[in-house]
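For reference, the structure discussed in these notes is given below.
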Amino acid sequence: MTDLAPVLARLAEGHDRALAELVELAAIPSVSTDPAHLADVHAAAAWVAAKLEAAGPLTVRIMPTPGSSIVYAEWLGAPRAPTVLVYGHYDVQPVDPIELWQSPPFEPTVRNGRLYARGVSDDKGPMLIPIKVAEAFFAARGRLPINVKFMIEGEEEVGSAHLEAFVAEHQELLRADVVISADGAMWRIDEPSVTVANRGLAGLEVTLQGPAKDLHSGRHGGSVANPLHAMARLIASLHQPDGRVAVAGFYDRVRELSPAERAEIAALPFDEATYLAQVGASAAVGEPGYTTLERQWTRPTLELNGMWGGYQGPGQKTIVPSVAHAKITCRLVPDQDPAEIVALVARHLESHVPPGTRITVTPEAHGARPFHVARGNRVLQAAEAALRETYGVAPLVVRMGGTVPVAEIFQRVMGLDTVYFSFSTGDEDFHAPNEFFRVHRLHEGLAAWARLWESLGGGGAP
C-alpha cells in the first residue's frame, strides 16, 4: 500500500501558500456576465493555466470558445489506473448591490476564519483545491495515483452557453471514466455530505404591451388596460391557491420519489424552524403533500424572479404605463425537459392574456436538464469514504436544489457520471453580498481530494 502521509504533509505545510494563492485569484474580477470585465475573465483563465503549469508535468492548453476560454490540462502517466476529469469554473457573479459588502468584493479579506470575496466560494476556492493536490502528489512522488484531466470553464455563471458544443466537439480529448466536480457545494457546515442529484433550469421573459405610449392616468385611467395590472393577474394564474403550479402538463414527466427515498430525506437532521429563522421567513409554503426538503430538492418549481414597468423614480408620476415585463424561471427534476417546460408555460401565458394587452414570450437561450447519479457509483462511494476519513463521521446523502449544467451535459453527451466534491457550503452567500469561504474548508478539502485520488488509484482505502 502506498503511503499517503508525505502527500498530506506537503499539503499541510503549504496551507498558507494555498490561501495566499486563493487571495490572488479571488482578486481578479472575472465577472462573466459583464462585457466590461472581459479582460478580467481572460486574466483569470491565464492565472489558472499558469498554476496548472506550475503544479507539475501537466500538458496545459487555453482553448477558446465563442465565449470565454476553457483551460484544459492533463497527465496520463498511470496506464492501469482510471482517468478522472476534474471540472470547475473561474468566472464569478456580479457584485451588486455593492453597498451591502462589508469589504470590497475584489479585495479579499480574512475575518474570523473566513475569506470574503466575490467568487471565493463559488467556485475559486473549491476549484483551486485539486490543482494544489496535483502539485503535492508531483512534489512528493513525481506522479499522480490516477490519470487526471482538468477542464476549467469561464461561463458557468452565465449558463455555460458554449460548454455543450465544446464537450461534443472534444469527446476524445475529454474521454474519462468519471467527472469529479469541484463546483456544487455541500449542504451545510455542520455535517459533510455527498450530493446525488441536482435540479435543471428553464427560463423565459414575458412582455405585455398595453397602449402605444404611457398615458395620463387621470384622462385615460379606467378606460384602457394597465399592463402592470394585467401582468399581476397573468402571473397569479401560473399557480393554484394551494401553491401547486397551474400550467397544464407541468408535472406530467416528474419522476416521483420512492418510499425509501422519502424516508431517507425525512431522516436527515433538518429543523424547519431553524431554517425559517435563517432565511427570515415567517412560514414554509409550496406544493402541498411534500416536506420543505422534498420541495427544495425533488419537486419542480416555477418562480417569478422579477416584474417591472412604469414609473419607479422618487415621488409620483401619474401614468398608465404602456408596457410591463416579468422574468420567470423553473427548476426541473427528472425527467422534465427544459424546452418542453418553456413551451408549456408559454402556452399557458398566451392563453391567459388579459384583454387589452398583447404578449411577447422570449425563452432564455439555454436551459439545463436535471441530473442524478446512481448510488452504486464507485467514485461516489470512494468520495463518501474520503469524507468519512477526513471528518471522522459518515457523510449525509443529499440533493441540490440548484443547477449545475455540466453534470447533465457530460451524462447525456458522453455517458459520464459526475460526482460532486466541493468544499464550499450552502450558507456561504455565493451570488449575494459578502460571499465567503471558510479557511479550514480549504485545508480539509486538500486532504479529502488527496485521499479520494489515492483510493481511486488503488492505494488502499482512503
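Every read-out reported here was derived from the displayed coordinates using simple, explicitly stated rules and does not represent laboratory data. Values in this document were obtained by computation on a predicted structure and should not be read as measured data. Note that we place each Cβ from the backbone using ideal geometry, even for glycine, and neighbour counts take in every protein chain shown.
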If each residue's Cβ is checked for other Cβ atoms within 10 Å, how do ASP91, ASP16 rank with the fewest at the top?
ASP16, ASP91
Which helices, taking whole DSSP H runs in the chain, have alpha carbons extending 15 angstrom or more along the helix axis plus mean Kyte-Doolittle at least -1.0?
15-26, 38-55, 125-141, 338-351, 378-391, 439-456
Per-residue ellipticity at 222 nm attributable to helices in the chain (runs of n ≥ 4 DSSP H, -39500 (n - 2.57) apiece, nearest 500 deg cm²/dmol) works out to -10500 deg cm²/dmol
Using 0.36 nm times the number of residues separating SER237 and LEU304, minus their current alpha carbon distance, what extension gain do you get?
22.9 nm
Putting +1 on Lys and Arg Cβ atoms and -1 on Asp and Glu Cβ atoms, find which of ILE129, GLY184, HIS366 reaches farthest to the positive end of the dipole of the chain.
HIS366
Based on the Cβ-Cβ distance of ASP34 and ALA212, what FRET efficiency does E = 1/(1 + (r/R0)^6) give at R0 = 30 Å, to the nearest 0.05?
0.35
About the Cα centre of region 192-288, what is the dipole size in debye to 20, counting +1 per Lys and Arg Cβ and -1 per Asp and Glu Cβ, all else neutral?
500 debye
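Treating only the Cβ of Lys, Arg, Asp and Glu as charged (+1, +1, -1, -1), what charge dipole size does the chain show about its Cα centre? Round to the nearest 20 debye.
460 debye
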Report the net charge of residues surrounding PHE421, where surrounding means a beta-carbon distance below 13 angstrom and charges are Lys +1, Arg +1, Asp -1, Glu -1.
-3
Taking 0.36 nm per intervening residue step and subtracting the Cα-Cα distance, what contour gain separates GLN278 from VAL413 on full extension?
44.7 nm
Reduced to Cα centres, the span from region 305-374 to region 229-269 in Å works out to 17 Å
Could you give the longest part of the chain that holds none of the trypsin sites (Lys or Arg not before Pro) found in DSSP loops with at most 16 neighbouring Cβ atoms within 10 Å?
376-462
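Give me LEU58, LEU332 sorted ascending by neighbouring Cβ count inside 10 Å, so fewest comes first.
Fewest-to-most ranking of LEU58, LEU332: LEU58, LEU332.
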Can you list residues from other chains, or at least 5 along the same chain, whose modelled amide H is less than 5 Å from the amide H of HIS239?
ALA246
Taking H placed 1.01 Å from N in the peptide plane, check which residues at least 5 places from ILE180 or on another chain put their amide H under 5 Å from its amide H.
LEU85, VAL86, TYR87, VAL419
Evaluate the charge dipole of region 1-119 about its Cα centre and quote only its size in Debye, nearest 20, assuming +1 on the Cβ of each Lys and Arg and -1 on the Cβ of each Asp and Glu.
340 debye
Along the three principal axes, how long is the chain when you take its alpha carbons, biggest first, rounded to the nearest angstrom?
83, 50, 45
For ASP190, ASP214, ASP123, what's the fewest-to-most ordering of other Cβ within 10 Å of each Cβ?
ASP190, ASP214, ASP123
Efficiency of FRET between LEU268 and GLU172 - r from beta-carbon atoms, R0 35 angstrom, step 0.05
0.30
Skipping prolines and chain starts, which residues have an amide H placed within reach, meaning under 5 Å, of the one on ILE70, given they are 5 or more residues away or on another chain?
MET63, THR65
